[in-house]
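Written out below as structure tokens is the structure these notes cover.
The values are calculated or read from the model by the stated rules, or taken from the named source; none is laboratory data. In this text the structure is predicted, and so the values were computed from the model without any measurement. Backbone-built Cβ (ideal geometry, glycine too); neighbour counts: all protein chains shown. These accessible areas exclude ligands, DNA and RNA; they are computed on the full protein's heavy atoms, side chains included. Shrake-Rupley method; radii C 1.70, N 1.55, O 1.52, S 1.80 Å.
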Amino acid sequence: VTDANGNILSIQSDSEPRATDIQLGTAVPGYGNAHSHSFHRALRGRTHSAGGDFWVWREAMYRAAAQLDPVTYYELARATFAEMLVSGYTAVGEFHYVHHRPDGASYDHEMEIALVEAAAGVGIRITLLDTAYLTGGVGLPLSPEQVRFSDREASQYLDRWYELRTRIPTLGAAIHSVRAVPPEAISMIVAGLPDSVPLHVHLSEQPQENVDALSAYGLTPTALLAERGVVTSRLTAVHATHLTDDDIKMLGDAGATVVMCPTTEADLGDGVGPARRLKDAGAVIAIGSDQNAVIDPFLEVRALELHERLASRQRGRFDPRELAAVGSAGYRALGMSQPGVVGGPCDFVEIDCSSMRTLGAIDHGVLFGASPADVQKVVVGGVVRATNGQLRNGDDPAHLLWLALDALS
Ligand SMILES: [Zn+2]
């Protein structure tokens, strides 16, 4: 039983369904995608011949960012969010830093509004994580491609953020990384934002970030963030791949959320983050699709466990029930209540347990076989928003993507 806002008021068992009820078979709470850059979807399948590493891939990503304007960004985000929804993600945190025109001039919030409208049209929940991006690297000026990401000063970021919040009341915030925001600016941003607002940051995705921070500041990126007051329970750290024992303890003691993005981390050759150790230390583990080279919440959760197995040569590093909880943990990181429980949003994903992928699985094992092809109904706020790969309004995500990619080429 839901209220007018689509939140669960009560759960009744052994009752006869009414004609207006939504009937689902096997269902799990909606998946929370705590870390996305929707425009990276344009790079899927286009970056595999060049080899290289994260930094080589980043050049291709900058070329994609250069093609965006409020119209093309809207269309690409709409298509990407549509793929997410029909694949089982019911909420997304969009880590957004393409704020300005290519020369750095203002769009008057058009890029940010485009993302929120794209999500609303699809029916996926969104927290826009409006991102501070000030420098080109530790101690480095902006490159020409980075100019449109930057507000140049922390005070200008905060001014833009507060203006934007008058248009988007549920706005979240992010510090891109210790590479892109100097320590004094980090302090100013943390002090300047309301305490209740989710705050995300890319953390130690690459060893080079650690090397740069240690040489410039004598601190790991985690220690630098802690010194600047960022490492608290409101923090969501993304990747957290290359951590010291002290880093893990700091994040765990704070009860921070750590977003693992296993398909992206594998695709970019980042490494395997210490998810089990972070969880044991007290951190909350969530998932993100990040660069959207893969949009598959089942695979993202499964890969979290499988990467642990590869690194430890042990199976069952996460209990199946823990893995099930990881799927919806992103909601917390986005400032949303836990889905699928009384008081939380009525967000569910129905899974076909009789497909060639899922037949024969027992208990939570079905989540080790399922893929987005097994997603039937997707319910957000008590309303069926997608069925068998198609949006409620009849839109086909593949067609939306074709339109979006055609506009970019
Ligand atoms: Zn990211």
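Structural remarks
Yes or no, residue by residue, for (1) part of a loop (DSSP other than H, G, I, E, B); (2) hydrophobic (A, V, I, L, M, F, W, C):
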position: GLY52; (1), (2): yes, no
position: TRP57; (1), (2): no, yes
position: ALA64; (1), (2): no, yes
position: TYR73; (1), (2): no, no
position: LEU76; (1), (2): no, yes
position: PHE81; (1), (2): no, yes
position: LEU85; (1), (2): no, yes
position: VAL92; (1), (2): no, yes
position: ALA105; (1), (2): yes, yes
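- If you go through segment 370-409 and pick out every residue that is charged (D, E, K, R), out of contact with any helix residue (DSSP H, G or I) (no Cβ under 7 Å at 6 or more places or on another chain) and either surrounded by 14 or more Cβ atoms within 10 Å (Cβ to Cβ) or in a loop (DSSP other than H, G, I, E, B) (or both), you end up with 4.
- Within segment 353-369, the presence of at least one residue that is hydroxyl-bearing (Ser, Thr, Tyr), assigned to a loop (DSSP other than H, G, I, E, B) and buried (at least 19 other Cβ atoms within 10 Å of the Cβ) is confirmed.
- Where a residue in segment 157-183 is within 12 Å of TYR97 (Cα to Cα) and its partner, wherever it lies, is aromatic (Phe, Trp, Tyr) and not in a loop (DSSP other than H, G, I, E, B), with Cβ under 6 Å and at least six apart: ALA174/PHE95
- Residues that are closer than 30 Å to GLY389 by Cα and in contact with a strand residue (DSSP E or B) (Cβ under 7 Å, 6 or more places away or on another chain), drawn from segment 272-321: ILE285, ALA286, ILE287, GLY288, SER289, ASP290, ASN292, PRO297, GLU300, VAL301, LEU304
Matching residues to (1) under 23 Å from ILE189 (Cα atoms); (2) in a loop (DSSP other than H, G, I, E, B); (3) open to solvent by less than 10 Å² (accessible area, probe 1.4 Å); (4) modelled with pLDDT of 95 or more:
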{"position": "ASP212", "(1), (2), (3), (4)": "yes, no, no, yes"}
{"position": "LEU219", "(1), (2), (3), (4)": "yes, yes, no, yes"}
{"position": "THR263", "(1), (2), (3), (4)": "no, no, no, yes"}
{"position": "ARG277", "(1), (2), (3), (4)": "no, no, no, yes"}
{"position": "GLU308", "(1), (2), (3), (4)": "no, no, no, yes"}
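- Within segment 4-35, the set of residues being within 16 Å of the ligand (Cβ to nearest atom) and small (Gly, Ala, Ser) comprises GLY32, ALA34.
- Boolean, THR244 is touching a residue at least 40 places away in the same chain (Cβ under 8 Å) and among the polar types (S, T, N, Q): no
- Residue that is modelled with the lowest pLDDT [pool: residues in segment 40-54 that are small (Gly, Ala, Ser) and surrounded by 12 or more Cβ atoms within 10 Å (Cβ to Cβ)]: GLY52
- Residue within segment 225-236 that is under 23 Å from the mean Cα position of the chain (by Cα) and part of a helix (DSSP H, G or I) present: yes
- Residue pairs whose Cβ atoms lie under 9 Å apart, separated by 6 or more positions or on different chains, with the first residue in segment 386-409 and farther than 22 Å from ASP352 by Cα and the second hydrophobic (A, V, I, L, M, F, W, C) and assigned to a loop (DSSP other than H, G, I, E, B), are LEU408/LEU68.
- Leading residue by the ranking (nearest to the ligand (Cβ to nearest atom)) among those in segment 252-302 that are within 16 Å of the chain's Cα centre (by Cα) and on the phi > 0 side of the Ramachandran plot: ASP290
- Residue match in segment 26-37 (condition: in contact (Cβ under 8 Å) with a residue 12 or more places away in the chain, surrounded by fewer than 20 Cβ atoms within 10 Å (Cβ to Cβ) and under 21 Å from ALA373 (Cα atoms)): yes
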